[in-house]
Amino acid sequence: MANRTDQLLRSAWTAEPPQLPPHALRWLRQETGLTDSWTPTRVMTAPPSELPEKAHEVLTAIVGAEHVLTDEQSRLGRTGGLSYLDLLAHKGIGDVSVPDAVVLPADPAEVAAVVKACAELGLSIVPFGGGTSVVGGVKAAERSVVLDLARLDRLVLVDEVSRLAVFQAGVRAPDAEKALAEYGLTLGHVPQSFERATIGGFAATRSAGQASSGYGRFEDMVEGVRVATARGEVRFGVAPASAAGPDLRHLMIGSEGAFGVITEVTVRVRPLPAIRRYEGFVVDGWDRGADVVRKLAQDRVLADVTRLSDVDETNVSFALTGGLKAAGLRAYLKARGINEPCMLIVGWEVQDRHELAMRRAATLRRLRGSVRLGRVLGEAWRHGRFNGPRQRDALMNAGVCVETLETATHWSQLNELYAKVRLALTDSLGRAIVMCHISHAYETGASLYFTVIAPRSIEDPAGQWKRAKAAACEAIAGLGTISHHHAVGVDHAPYLPAEIGDLGMEVLAAVKKTLDPSGILNPGKLIAP
Ligand SMILES: Cc1cc2nc3c(=O)[nH]c(=O)nc-3n(C[C@H](O)[C@H](O)[C@H](O)COP(=O)(O)OP(=O)(O)OC[C@H]3O[C@@H](n4cnc5c(N)ncnc54)[C@H](O)[C@@H]3O)c2cc1C
């Protein structure tokens, strides 16, 4: 547990602080006007724990004294997740709430007992999986207890006949895949936060992995859930499909810890692919690229991974590869008639050569007119698919404001949404690089995932991003969803009523009141106070 606390305290993805290569730093300075000065960082400190003695006694009786942590380091490590604002807070910039204790139950029964006890004691609970939320989902509340699920780390059972597996909620994605691989199975859920995020966290946020076109979003993988609510335990999902009223699993999937703590998830699993093939293409222009992805989706021939970068994201990828190689590539593409290069990565994960040949041919037929850069680009993307958080830390260390936000809409509105969000971000951030990609496509629409890079404000680093984020959220309202896969958390809660309406909010509030009458479960998340 000491290692885990160290990792959470560091907030950075790796132990060694990553640095940008000199060519990338030079390029950034030139493009954004980045300088060497930014707000000095400070050491984060915590006030003493005010966990009442009675609460300490009760929690200790349930989980054991060594699993009720009130020391400063354990509490500071679990003040929030990994959004840009959270990372700033870890550098002593901006406000932070520190929980009074961290409680680590061992199994679903202990979770249920902790939730019940906290409801009786009137103590708020923040469920904490991998802590990778980027929307304030694990932001600690005042006078709260963080319920860390790290000890719920077991594969409970595998039903090979039905292709189902039951995991405890705290199992991290790499451990889940390792355990399934022993049975020749996979979940196929590979978000960029794969290395740290948990099965319970995926279910609680309706997560979407990079291979969502092939394996589906996480909610498509959930067959059943076991949840500890403040009123007792519930289990939903007894069959692959059911007409027994509304599907109550979906009250829990995406409930972000506000209705209960998910303790076990039954997931649908598949045979491990025998062949993985990733290739890179370049399409001329964003509109044309989005059209290609739409046709692939509507003709039902999407590869398992399908990811289209806009011109700015493609330029940044080229610039980061550095110097001569990038210049040569640009010249080659120009000679092939590509003036506005947009990178398209497609990846197939299949059982045999025949399946690959059939699916690949169907995709390639719709890619006529694009330039094929082959497996080198595809494999380079696959091998670097988890580099995002490392690059983000390096950018943070270089004094950059770096953050992502995402949305989704129907194809007919996609380009309007794309243009409006871009404009909102560039208007509020000034000399910034705003990049975007589509990585989740459906027959009716797609997600848009934006990344921004701007020199960090010296006077008001947190306010700089809050204003940009607010502008982007306002641009999204009425055109798309406030979140395609990052969830609501604290950050998006004020925008949810505009998306689901007052009556929709009343329904959520009614469910919360039924399952959590005293409002102790993850206060302020999903439903704004
Ligand atoms: C670098 C980076 C890349 C990311 N890439 C992706 C991506 O590709 N796709 C994607 O979907 N998301 C992505 N995310 C967001 C994040 O990883 C997901 O939201 C993930 O599902 C969170 O899992 P977690 O275990 O870390 O949950 P946490 O961050 O610990 O919690 C997330 C929310 O769920 C609640 N919660 C957690 N566990 C439980 C439980 N057992 N019961 C009830 N509530 C619970 C928490 O209270 C919180 O509200 C990324 C984040 C980072 C930092």
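Would you check which residues across segment 71-86 are crowded, with 17+ Cβ neighbours inside 10 Å and more than 11 Å from Leu8 (Cα to Cα) and list them? Before the answer, list the steps.
In the first step, residues of segment 71-86 are kept if they are crowded, with 17+ Cβ neighbours inside 10 Å; the result is 74-86.
Selection gives Ser83, Tyr84, Leu85, Asp86.
Show me the helices (runs of 4 or more DSSP H) entirely contained within segment 1-107 in which 1 or more residues are without any contact (Cβ under 8 Å) to a residue 24 or more places away in the chain.
Values: elements: 2-10, 22-32, 53-63, 72-76, 84-90.
Answer list for segment 1-107: 2-10, 22-32, 53-63.
Are there any helices (runs of 4 or more DSSP H) wholly within segment 175-226 with 2 or more residues that are within 11 Å of the ligand (Cβ to nearest atom) and not polar (S, T, N, Q), and if so which?
Values: elements: 199-205, 212-215, 218-221.
Because the criterion is at least 2 residues that are within 11 Å of the ligand (Cβ to nearest atom) and not polar (S, T, N, Q), the helices (runs of 4 or more DSSP H) in segment 175-226 that meet it are 199-205, 218-221.
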Quick one: is Ala510 within 13 Å of the ligand (Cβ to nearest atom), free of Cβ contacts under 8 Å to residues at least 60 places away in the same chain and not basic (Lys, Arg)? no
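Yes/no per residue for (1) within 20 Å of the chain's Cα centre (by Cα); (2) at pLDDT 95 or above:
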site	(1), (2)
Val452	yes, yes
Glu459	no, no
Lys466	yes, yes
Leu503	no, yes
Glu506	no, yes
Given (1) modelled with pLDDT of 95 or more; (2) assigned to a helix (DSSP H, G or I); (3) under 27 Å from Val488 (Cβ atoms), where does Val126 come up short, assuming only one miss? (2)
Looking at segment 135-151, which of its residues are assigned to a loop (DSSP other than H, G, I, E, B) and within 17 Å of Gly200 (Cβ to Cβ)? Val135, Gly137, Val138, Leu149, Ala150, Arg151
Looking only at segment 452-507, which residues are touching a helix residue (DSSP H, G or I) at 6+ places or on another chain (Cβ under 7 Å), more than 25 Å from Ala141 (Cβ to Cβ) and within 16 Å of the ligand (Cβ to nearest atom)? Val452, Ile453, Thr481
Options Leu448, Leu356, Leu405; residue that is under 17 Å from Glu313 (Cβ atoms), out of contact with any Ser or Thr (no Cβ under 6 Å at 6 or more places or on another chain) and not in a loop (DSSP other than H, G, I, E, B): Leu405
For Gly122, indicate whether it is touching a residue at least 40 places away in the same chain (Cβ under 8 Å) and within 16 Å of the ligand (Cβ to nearest atom). no
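Can you find even one residue in segment 134-143 that is within 7 Å of the ligand (Cβ to nearest atom), of a type in the set (A, V, I, L, M, F, W, C) and not assigned by TED's automatic domain parsing to the domain that holds Thr263? First the steps, then the outcome.
First, pick out the residues of segment 134-143 that are within 7 Å of the ligand (Cβ to nearest atom): 134, 137-138.
Imposing the further condition that a residue be of a type in the set (A, V, I, L, M, F, W, C) reduces the set to 134, 138.
Still in the list and also not assigned by TED's automatic domain parsing to the domain that holds Thr263: 134, 138.
The answer is yes, given that some residue of segment 134-143 is within 7 Å of the ligand (Cβ to nearest atom), of a type in the set (A, V, I, L, M, F, W, C) and not assigned by TED's automatic domain parsing to the domain that holds Thr263.
The values are calculated or read from the model by the stated rules, or taken from the named source; none is laboratory data. All values reported here derive from a predicted model rather than from experimental measurement. When we count neighbours, we look across all protein chains shown, and the Cβ atoms used for this are built from the backbone with ideal geometry, even at glycine.
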